[in-house]
1. Determine whether residue 168 is touching a helix residue (DSSP H, G or I) at 6+ places or on another chain (Cβ under 9 Å) and crowded, with 18+ Cβ neighbours inside 10 Å.
2. Could you tell me whether any residue of the range 127-135 is buried (at least 18 other Cβ atoms within 10 Å of the Cβ) and over 28 Å from the mean Cα position of the chain (by Cα)?
3. Restrict the check to the range 58-71 and report whether at least one residue is at pLDDT below 80, assigned to a strand (DSSP E or B) and either outside the structural domain of residue 413 (by TED's automatic domain parsing) or out of contact with any helix residue (DSSP H, G or I) (no Cβ under 8 Å at 6 or more places or on another chain) (or both).
4. Going residue by residue through the range 328-342, is there one that turns out to be within 30 Å of residue 267 (Cβ to Cβ) and surrounded by fewer than 19 Cβ atoms within 10 Å (Cβ to Cβ)?
5. Restricting to the range 266-283, count the residues that are farther than 24 Å from residue 76 by Cα and either in contact with a helix residue (DSSP H, G or I) (Cβ under 7 Å, 6 or more places away or on another chain) or surrounded by 18 or more Cβ atoms within 10 Å (Cβ to Cβ) (or both).
6. I'm trying to understand the selection: among the residues of the range 21-32, which are within 11 Å of residue 224 (Cα to Cα) and either outside any loop (DSSP other than H, G, I, E, B) or modelled with pLDDT of 85 or more (or both)?
């Protein structure tokens, strides 16, 4: 009785000491992977910094067009004061203050520098959007690749089980005297081959998971399950590739160069400014009120600068021609990407119809071959051939389905809509 009580107490203590069953982590969706990548990608942080710097340059260019206000004060200690007829000519303590305002009336280069700085902000903002699209696409590609690797690993695992069942069936037939050693050898070889492929598939899953972690900017080894995303077909409404941020940035760059060209021409024009000046100090013979006012209109016209203006103009013209060529090339490339992505979607959809039918037929053939082998109406070779066809069809279907998903994402990227697609129903930063 004492032994039974002691054993029961030990059992209860061991049970109570066991940790609670760990809950499995929540699945990792593509939206969550996108958000993580946008938060942690260093390239996007650098682009945001460039946008902030461009805005500061724009503010600096604007300051050159605004009035400038300055103030000053002087104190002079003279050795001997001087008077004439009771009025001071020189005072011993001469304290004076002045306020001056300088208003630019016309400064052509500064005007166009301001416009070019505004366009430059647009360039960097477009580059940031384009970089964001690139990060989203790379994350989506690694996510889909990891999904495909997991589906292929699942197919390899199922293949191991099916070939194991064939080996069991061959051993059962041998026990009943209806099988030969060749059937068993073939079944054993096919099991080992399937296990080898499963090991390769598991390694591919780990590699794909690491690539996804790198794209997200997190440490590898996340156990979270992946969820197949739903990407609807791209709408044809407003489907012009002209919306690409890449093209927007190149246009803004060309516009900035055009403003710089106008600024180079404006360097030949005079600069006009109006300066007002107010000064106050002690009353003297020359200045009985102690206050003096001045207003000055200045025109400055640079007649010769050694050819620097013409050199600047030639440089801007060359840069503008290069920007126009890059913009034309980018339009062709973007339209090609859109056309290629649409053709790829159409091809994947057609192939997917046939590969699904192929898998159904291969599954039926495998079922018939397996039943025939159990009934002694076929050989293990028939089953192995049917199993090879079935697993190939299963892999082909998984590949085509995820290739179609990736093709739709690629089209969204080519149209410049991937960020919009990513934000739909998510909390991505705008």
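1. In short, no.
2. No, the conditions are met nowhere in the range 127-135.
3. Looking for residues that are at pLDDT below 80, assigned to a strand (DSSP E or B) and either outside the structural domain of residue 413 (by TED's automatic domain parsing) or out of contact with any helix residue (DSSP H, G or I) (no Cβ under 8 Å at 6 or more places or on another chain) (or both), one finds none in the range 58-71, hence no.
4. Within the range 328-342, one or more residues are within 30 Å of residue 267 (Cβ to Cβ) and surrounded by fewer than 19 Cβ atoms within 10 Å (Cβ to Cβ).
5. Result for the range 266-283: 5.
6. Passing the criteria: 26, 27, 28, 29.
The values are calculated or read from the model by the stated rules, or taken from the named source; none is laboratory data. Bear in mind the structure is a predicted one, so any value in this text is a computation, not a measurement. Reconstructed Cβ throughout: ideal geometry from the backbone, glycine too, with neighbour counts over all protein chains shown.
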